[in-house]
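The block underneath contains the structure these notes are about, expressed in structure tokens.
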Amino acid sequence: MNEPTFFAAFAALFGILALYLLRIDRRAARLEQQLSNAAATVKNPDETESS
Amino acid sequence: MSAVTQLAPERPWEAPLRRWSLWGALAAWPVLIYLTWFVAPDWSYAADVTAPLTRKMLFFHPASAWTTGIAYAVVFAYSVAVLNERNLAYDAPAAAAAEVGWVFNTIALATGTIWGSVEWSRTGQHPLATVYTEPKVLVVLVMWFTMSAYLLLRRSLDDPHKRARLAAIFGILGFAGAPLSFITSRVLTRSLHPDIAGPGANPDAAVDGTVGAILGFSLLAFVLLFTHLWLQRLRLQRLETALAVGCASQDSP
């Protein structure tokens, strides 16, 4: 199996897909964090302001 | 209007389609990998094939290029709607499709470059020079740069109206590369890129029953993945907008 282009091509395919999926996943996690922060602020605005 | 992009509420078909396309893609991709390794022909016995293992890219490279075309067609349709109806609600679906389409475009370019550099040769020319002087590759490269400009432009403009209008123009220009890339290799006789399907396909590059069926299945797997990623990206955009609107309303006196 002496074909480096075979490995390079499949690494490019799955590497690019994995990087994009990771990026979307991180963005979703960051949004969830921001949403839970916003929910906590709405629930207890005085505490958040004083902190 | 505030500096926040106006976004239409989620349509009733979006959530089920997002879920079903994910399950479809999760089912289709392992099957595609199985078909590629165990059902597709072994090209190591073919006399005219330089890189038999790399030829397995046949089930990933064309599908990624066709999915790029589909994604950019979505960008085109929503971009025309933005310019025609001056409605910012169409801007977000176009932006989401452009981002995911750009990912598939990058995959098509990367896999095509690697595959072409080992399969194509012109005397006295570096393999990469052979690939990047190929008309079809050049058109796809220009398309990739146009959509890169589209994505960069969106990051650099704050005014949502100006951003939507300018992005729509780039979206329409970017899509023009899809039909152009389809035509170039069929019209230009010196083109090395084989055309495996559609009118004017090369007879020596035509795919037989099994290979054709796997090729069709690979397109299905890629389209399912694109559909899910597009709708997922759109959902994230809605969440971001909802958060921004919430923060803006909290900040206002």
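Among the residues that make up segment B:51-62, is at least one of them free of Cβ contacts under 8 Å to residues at least 60 places away in the same chain, closer than 21 Å to residue B:194 by Cα and over 21 Å from the mean Cα position of the chain (by Cα)? Checking segment B:51-62: at least one residue is free of Cβ contacts under 8 Å to residues at least 60 places away in the same chain, closer than 21 Å to residue B:194 by Cα and over 21 Å from the mean Cα position of the chain (by Cα). Residues that are of a type in the set (A, V, I, L, M) and within 14 Å of another protein chain (Cβ to nearest Cβ) were ranked within segment B:47-65; the one that is surrounded by the fewest Cβ atoms within 10 Å (Cβ to Cβ) is B:49.
Of all residues in segment B:152-191, those satisfying the criterion of being under 30 Å from residue B:244 (Cα atoms) and outside any helix (DSSP H, G or I) are B:157, B:158, B:159. Restricting attention to segment A:1-28, the residues that are over 25 Å from the mean Cα position of the chain (by Cα), more than 8 Å from chain B (Cβ to nearest Cβ) and in a helix (DSSP H, G or I) total 2. The set of residues in segment B:207-230 being hydrophobic (A, V, I, L, M, F, W, C), farther than 13 Å from residue B:64 by Cβ and in contact with a Pro (Cβ under 9 Å, 6 or more places away or on another chain) consists of B:211, B:230. Taken over segment B:210-242, residues that are over 19 Å from residue A:23 (Cα atoms) and either polar (S, T, N, Q) or at pLDDT below 85 (or both) amount to 3.
Residue count for segment B:78-134 satisfying the condition of being within 14 Å of chain A (Cβ to nearest Cβ) and not in a helix (DSSP H, G or I): 2.
Restricted to segment B:16-45, and to residues that are assigned to a loop (DSSP other than H, G, I, E, B) and either in contact (Cβ under 8 Å) with a residue 60 or more places away in the chain or more than 14 Å from chain A (Cβ to nearest Cβ) (or both), which residue is nearest to residue B:215 (Cα to Cα)? Across segment B:16-45, the extreme among qualifying residues is B:40. Residues in segment B:46-75 that are over 25 Å from residue B:99 (Cβ atoms), of a type outside the set (Lys, Arg) and not in a loop (DSSP other than H, G, I, E, B): B:54, B:58. Within segment A:29-46, the set of residues being within 8 Å of chain B (Cβ to nearest Cβ) and either closer than 23 Å to residue B:32 by Cβ or at pLDDT 85 or above (or both) comprises A:31, A:34.
For segment B:122-132, check the following and say yes or no: at least one residue is surrounded by 14 or more Cβ atoms within 10 Å (Cβ to Cβ) and of a type in the set (D, E, K, R). Checked against the condition, which is being surrounded by 14 or more Cβ atoms within 10 Å (Cβ to Cβ) and of a type in the set (D, E, K, R), segment B:122-132 yields no hits at all.
The values are calculated or read from the model by the stated rules, or taken from the named source; none is laboratory data. These numbers come from a predicted model, not from an experiment. Ideal geometry is used to build each Cβ from the backbone, glycine not excepted, and the neighbour counts take in all protein chains shown.
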